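**Student:** Before I ask anything, let me first share the structure, which is written out below as C-alpha cells.
The values are calculated or read from the model by the stated rules, or taken from the named source; none is laboratory data. The structure displayed is predicted, hence computed values, not measured ones. Ideal geometry is used to build each Cβ from the backbone, glycine not excepted, and the neighbour counts take in all protein chains shown.
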Amino acid sequence: MLSALVAQLRQSLGILHKQDIQTAATRLNLGSNAIQLGDDCAAIPDGDGYLLFAAEGMLPLLVESEPWFAGWCGVLVSVSDIYAMGGRPIAVVDALWSTSAEATHPIWQGMTAAAQTYSVPIVGGHTNCHSPYNALSVAILGRAKQLITSFNAQPGDALMVAIDFRGKPHPKYPFWDAATRADPVQLRADLALLPDLAESGLCDAGKDISMGGIVGTLLMLLETSNCGAVLNVDQVPCPTGLDLDRWLVSFPSYGFLLSVRGDRVAEVQAHFRQRDLVCEVIGTVEPTHQLELRSHSESAVFWDFTQQPLTGFAPR
C-alpha cells in the first residue's frame, strides 16, 4: 500500500535530519550573495569556470563503530559532491578529533584508501588526539567548466536516476556499497560521466543521492528549483533482494538524480548504460510545490513546500 510506504518514508532519519539545515538557512542572507546557497557545493565563479567547495561531517556513531569505513566515506561523499555538480576534484582536507593517536589509525587508513582510489590528494587539515570523543569532517575543492546544479530543474523535465548496482548492502547502515571493492579505474571513469554530460550540454540540473536517499535528495532538488514533481515509485530501479522502502532512503555510493530535458533523455541514458550503469526515468518535474508519489492507481502527496520547508534553502 502506498499510504504505508509514505508513512514509513516520512519517519526516515535521513530525511528528517535534512531539516537541521534550516538552522544554517535562517542565519544566512540568501539574497545578498552572488553564490547560490543550498547546492551540493558552493560554486564560486572563477575565470571561465567555477571553483567548487564543500564539506561533510561523518555520523558520530559510524566513526565510533566503523572508523575505517567512516574515513573512506568522508572522502567518497566529498568526491561525489564535486562530480554531481559537473566538476572534477582537486584536493581534500580533513578535521580529525580523536581520543588517542592510536584511534586515528583506522580512520586514516580509510581516508587514504579512498583518496588513492579516487585519485584526489589529502593536502592538510586539523588533527587533535586529546579529544573526549572521535569525530571526522572532510572538506573538498574542485573545479567545473559547466555546472550541474540543483537550481535548474524545470517543469517538464524527466527525473532520472543513474546508479551502480554492482555492489551490496551494508549490514548495519542504509548504504549500498558499490565502491570499496570496485576497480578504481572503473570508478573514476564512471564519475567522469557527470562533467562530460555538463560540458556537452546534455544535463544542467541534478544532485548526488545523499543519505536522504532518492526521496530526500529529490526533495532538496525541488526545494532549490522551486518546483514540484511526480515520483513513480514502481519505476524506481531497485537491486535484487533489497526492499524498496529501504532502497528509497539508502545512500548508493554511486548514485545521481538528474533533471533532464525530454529531448536529451535517450542520449543521457546511453552514456550511463554503455558503462553498465543503471539509468532510468522515475518521474517528472511539475509546476507545483508538492512531491507526489504514485504507485499503480494510487497517489499521495508526500511533501508540500507551501506548508513545510525541508532545508530552508528555497529561492527568495
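**Student:** On the given criteria, is Val249 more than 20 Å from Asp190 (Cβ to Cβ), modelled with pLDDT of 95 or more and among the β-branched types (Val, Ile, Thr)?
**Tutor:** Here the answer is no, as Val249 does not meet what is asked.
**Student:** Count, please, the residues in region 217-232 that happen to be over 13 Å from His289 (Cα atoms) and surrounded by fewer than 24 Cβ atoms within 10 Å (Cβ to Cβ). If you could, list the steps in order and put the result at the bottom.
**Tutor:** Here is the first cut: in region 217-232, the ones over 13 Å from His289 (Cα atoms) are 217, 231-232.
Among the residues that remain, those that are also surrounded by fewer than 24 Cβ atoms within 10 Å (Cβ to Cβ) are: 231-232.
Within region 217-232, residues that are over 13 Å from His289 (Cα atoms) and surrounded by fewer than 24 Cβ atoms within 10 Å (Cβ to Cβ) number 2.
**Student:** Sticking with this structure for a sec: Can you tell me how many residues in region 229-245 are closer than 11 Å to Gly283 by Cα and not in a loop (DSSP other than H, G, I, E, B)?
**Tutor:** Final tally of qualifying residues: 7.
**Student:** Quick one: Gln307 ticks every box in (1) touching a residue at least 60 places away in the same chain (Cβ under 8 Å); (2) part of a loop (DSSP other than H, G, I, E, B); (3) surrounded by fewer than 16 Cβ atoms within 10 Å (Cβ to Cβ) bar one, so which box is it?
**Tutor:** Of (1) touching a residue at least 60 places away in the same chain (Cβ under 8 Å); (2) part of a loop (DSSP other than H, G, I, E, B); (3) surrounded by fewer than 16 Cβ atoms within 10 Å (Cβ to Cβ), only one is false for Gln307: (1).
**Student:** Which of the residues belonging to region 151-165 are crowded, with 18+ Cβ neighbours inside 10 Å and over 17 Å from the mean Cα position of the chain (by Cα)?
**Tutor:** Once the filter is applied, which keeps residues that are crowded, with 18+ Cβ neighbours inside 10 Å and over 17 Å from the mean Cα position of the chain (by Cα), region 151-165 yields Asp157, Ala158.
**Student:** Within the bounds of region 141-150, is there any residue that is among the basic types (Lys, Arg), surrounded by fewer than 24 Cβ atoms within 10 Å (Cβ to Cβ) and either farther than 27 Å from Leu51 by Cβ or at pLDDT below 95 (or both)?
**Tutor:** Step one: list which residues in region 141-150 are among the basic types (Lys, Arg), which gives 143, 145.
Narrowing the set further to residues that are surrounded by fewer than 24 Cβ atoms within 10 Å (Cβ to Cβ) leaves 143, 145.
Narrowing further to those that are either farther than 27 Å from Leu51 by Cβ or at pLDDT below 95 (or both): none.
No, that holds for no residue.
**Student:** Ok, one more. Within the group Asp196, Asp190, Asp177, Asp157, which residue is acidic (Asp, Glu), closer than 30 Å to Gln290 by Cα and in contact (Cβ under 8 Å) with a residue 60 or more places away in the chain?
**Tutor:** Going through Asp196, Asp190, Asp177, Asp157 in turn, just one is acidic (Asp, Glu), closer than 30 Å to Gln290 by Cα and in contact (Cβ under 8 Å) with a residue 60 or more places away in the chain: Asp157.
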